[in-house]
1. For the stretch 185-199, just list the computed ³J(HN,Hα) in residue order, Karplus coefficients 6.51, -1.76 and 1.60, θ = phi - 60°, integers in Hz, with x standing in for Gly and Pro.
2. Please compute the length gained on full extension between Tyr65 and His52, using 0.36 nm multiplied by the number of residues separating them and subtracting their Cα-Cα distance.
3. Using the count of nearby Cβ atoms within 10 Å as a rough guide to exposure, how do Met31, Met102 rank from fewest to most?
4. Give me the distance in nm between label points sitting 7 Å out from Cα along the Cα-to-Cβ direction at Met219 and Gln103, one decimal.
5. What shape does the chain take by its C-alpha gyration tensor, where a ≥ b ≥ c are the square roots of the eigenvalues and a/c under 1.5 counts as rounded, a/b above b/c as prolate, and the rest as oblate?
6. Based on other C-beta atoms within 10 Å, arrange His194, His107, His214 from fewest to most.
7. Quick one: if you stick a label point 7 Å off each Cα along the C-beta vector at His194 and Lys12, how many nm between them?
8. Quick one: which residues, 5 or more positions from Asn267 or on another chain, have an amide H under 5 Å from its amide H? H modelled 1.01 Å from N in the peptide plane, none for Pro or chain starts.
Amino acid sequence: MTTLSTLLQFKKSGTKFSCLTCYDAMFARMMAQAKIEVILIGDSLGMVVQGHNSTLPVTVADMAYHTANVARANSEALILADLPFMSYAVLNEAIANSRTLMQAGAHVIKVEGGFELCELISTLAHAGTPTCVHLGLTPQSVNVFGGYKVQGRGTDAAAKLLNDAKAVVEAGAAMLVLECVPSEVAKAVTKAVHVPVIGIGAGADTDGQVLVMHDMLGMTHGRTPRFVHDFLTDPKNEAHSIEGAFALFQSEVRAGNFPKAQHQFGNEA
């Protein structure tokens, strides 16, 4: 069984690990067979499962339902679960909603933000609830950013991201996710903190890699993000199956073969 201690050992030894989103029991079983180390019940379900055009309509009840589905079938992976939009803006509500997701089967609660989350992170840590903090492109803030844009470009933005990362880890965050940030910035953050760092569109130097399951199976609706690779139709997927795609993702991440240069972002606009 993968635990936070397992991921810390991976970081210390330089062993890369894999993470995929998952929303139901069948795919959770397939991921167990493929030895995926971390499963994320992401609020991405708002788009890929519910048909919304963003993650914002997703509720805590939605997240608890899908977390329980995955947890019932999970046998090996560490389970992360997103607290959805505006479910942790008020501390007391954040505590109650975290309890709901942990009781549904999550091992770690994921939240989006930076320095402003420190009080929440510390409170949850003291209550026995580990957190994973999502930095960079945070989809719940899409209306603030004005769209899905690379974050952390330029000296000031990179420094802020690094400082936010250090602050939340000091407050007690157990993990970080970096999304759509320049690869050099992600490398600097990964080296600067002692906790595991998972990247998505953040280069090859993070400790782990995550993709939305539907994206890595070639089921992206609309424009395919730069950081996505279709593992289902990859010639290395000799089984030509979903299980084979999961296993290929895991092995390519472990071997350092994914992501490649074309999946990364630089500091240039």
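Every read-out reported here was derived from the displayed coordinates using simple, explicitly stated rules and does not represent laboratory data. Computed from a prediction, not measured in an experiment: that's the story for all the values here. When we count neighbours, we look across all protein chains shown, and the Cβ atoms used for this are built from the backbone with ideal geometry, even at glycine.
1. The phi angles translate into 5, 4, 4, 5, 5, 4, 6, 7, 10, 8, 9, x, 10, 9, x Hz.
2. Numbers: separation 13, 0.36 × 13 = 4.68 nm, distance 1.74 nm.
Extending this stretch completely gives an extra 2.9 nm.
3. On the way: Met31 31, Met102 21.
By the 10 Å Cβ count, ascending: Met102, Met31.
4. For the pair Met219/Gln103, the computed spacing is 3.1 nm.
5. On the way: a/c = 1.32, a/b = 1.10, b/c = 1.21.
It comes out rounded by the Cα gyration axes.
6. His194, His214, His107
7. Here the modelled spin labels are 1.0 nm apart.
8. HN-HN under 5 Å from Asn267: empty list.
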